[in-house]
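Derivation of every value follows stated rules applied to the coordinates shown; laboratory data play no part. Everything numeric here is computed off the predicted structure, so don't read it as measured data. With ideal geometry, Cβ positions are generated from the backbone for all residues, glycine too; neighbour counts draw on all protein chains shown.
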Amino acid sequence: MIPRYTLPEMAAIWSDEARFRHWLEIEILAVEAWARLGRVPESDAREIRERASFSVERVRELERVTHHDVAAFVQCVAESVGFAGRWVHFGMTSSDVLDTALALQLRDAADLLLGRLERLLGVVKEAALRYRDTPMVGRTHGVHAEPTTFGHKLAVWAFELDRDRDRLRRAREIVSVGKVSGAVGTYAQLDPRIEEEVCARLGLHPAEASTQILQRDRHAEYLAALAVLASSLDRFATEIRHLARTEVREVQEPFAEGQKGSSAMPHKRNPVLCERITGLARVVRAAVQAGLENVALWHERDISHSSAERVILPDSTSALDFMLKDFTEVMEGLRVFPERMRENLDLGGGLVYSQSVLLALVDRGMAREEAYRIVQSAAAAAWDEGVSFRERLASDPDVARLLPRAELDDLFDPARSLRHLDVVFDRLAKLPVGEGA
């Protein structure tokens, strides 16, 4: 991911320094496990633990000759140790190091993302409870439907983020797996106890079975979890963009002192954070395609997945990290305009209460088709002629006969449509939220 959309904590996880540090620890742990089994002298294992090191520059220098990053790394480490360095990488294949280290990076990235998600969930939950009684129009197909509240809208988002959290936790678990099983996964030059000990000390599960690599269905599932979360953020951001349109203007994303919305038009307050979230979501979703194609490798492995993963895994986690940061800022600084929400709710003289009137007429004995015809006719007049929907209904003799004016007015009270929402907020109040990043 380009530096513009990479935060320091995630950049550190995917740095060469961090990757090689994981590689070194895996190599040392394997030597120590060999020593406990009596194959490597204890003195050599101690010397490797004390002296083994690497230089990113030296590894790169060697790789220009070897054209193999792990071979270059092993040579660099062996150089730092001396004669005892002959035990580094003993019996292992490159992917024992690569895939086990990648699991550590993916786990660290997931932990960072989960921390940011936890914080965002807390912000959204708090806002949902704050605006639980702020009425606004609900829209289906982009058209006014029935009343809802802004808090209810946010409660739906909070429960979606909770599901995203569950998916990301499962994805973290599915990739927290290592392997030290050799060139085709048969432990031909290794003792399975090496794998068990190395993984245990790293906090990973040993793969139940592997080939030269860990199978890529794990990584595809991880990428899919990232993409679903990115799509949730995209959905929320798109909603804010719609609600921030000039003719709607029910919310506005934060606009800082000195910020400029346009180089040409000084009046502009564009929803640039939300638009950026939408754009980055496309990057995260696109990575899933490559992740799925990486599942189908030849025989015990080929290398076609490797080049793609060097791009899609750092980029997807970095982009999502940035999106979570951006959307948290949006929600923490979101401006909400309840008066404008109420104005929009009342457009057309109460069109959003058409179903309430329809059902009330049916309750009073009118045939449903007749009631629908009367209500739809009044709604059409409001749509097409600009008259008040409520006044057109009040002037209809069939409506007036069944619904006295006071009862008709009661049907146009948004509180009547929202009287059962407490059940949603009772559930929301119980939604657990931990400490976030």
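Before moving on, here are some points about what is shown:
- Among MET366, MET323, MET341, residue whose mean-square fluctuation peaks in a GNM of the chain (springs only between Cα atoms under 10 Å): MET366
- Between the stretch 207-252 and the stretch 1-43, the alpha-carbon centres lie 29 Å apart.
- For the stretch 50-185, the calculated P(r) over all alpha carbon pairs, in 5 Å bins from 0 to the bin holding the longest distance, is 2, 9, 11, 12, 11, 9, 8, 7, 6, 6, 5, 6, 5, 2, 1, 0 percent.
- Estimated inter-spin distance, TRP383 and ASP217, nm [label 7 Å along Cα→Cβ]: 5.0 nm
- Projected-area average for the stretch 146-190 over all orientations - Cα convex hull basis, square nanometres: 4.8 nm²
- Hull shadow area, averaged, the stretch 15-90 [alpha-carbon convex hull, nm²]: 4.5 nm²
- Two-site FRET efficiency, SER231 against ASP111, from Cβ-Cβ distance with R₀ of 35 Å, rounded to 0.05: 0.95
- For the stretch 272-311 versus the stretch 353-407, the gap between their alpha-carbon centres in whole angstrom: 54 Å
- Pairwise Lys count, the chain - Cα closer than 24 Å, eight or more residues apart or different chains: 8
- Along the chain, longest interval not containing exposed GluC sites (Glu not before Pro), exposed being DSSP loop plus at most 11 other Cβ atoms within 10 Å: 1-207
- Taken along its principal axes, the alpha carbon cloud of the chain reaches lengths of 102, 52, 37 Å, longest axis first.
- Cα point-scatterer Debye curve for the stretch 310-433, base-10 log of I(q)/I(0) at q = 0.10, 0.12, 0.23 Å⁻¹: -0.53, -0.65, -1.30
- Computed from backbone phi with θ = phi - 60° and the Karplus coefficients 6.51, -1.76 and 1.60, the 3J(HN,Hα) list for the stretch 10-20 is 6, 4, 5, 4, 9, 6, 4, 4, 5, 4, 5 Hz; x is used for glycine and proline.
- Only DSSP H runs of four or more residues enter the estimate; each adds -39500 (n - 2.57), and after division by the residues of the chain the mean residue ellipticity at 222 nm equals -21000 deg cm²/dmol.
- Projection of the Cα convex hull of the stretch 346-417, averaged over all directions and equal to a quarter of that hull's surface, yields 4.2 nm².
- From phi via Karplus (6.51, -1.76, 1.60), per-residue ³J(HN,Hα) for the stretch 104-119 in Hz, x at Gly/Pro: 5, 5, 5, 5, 4, 5, 5, 4, 5, 5, 5, x, 5, 5, 4, 5
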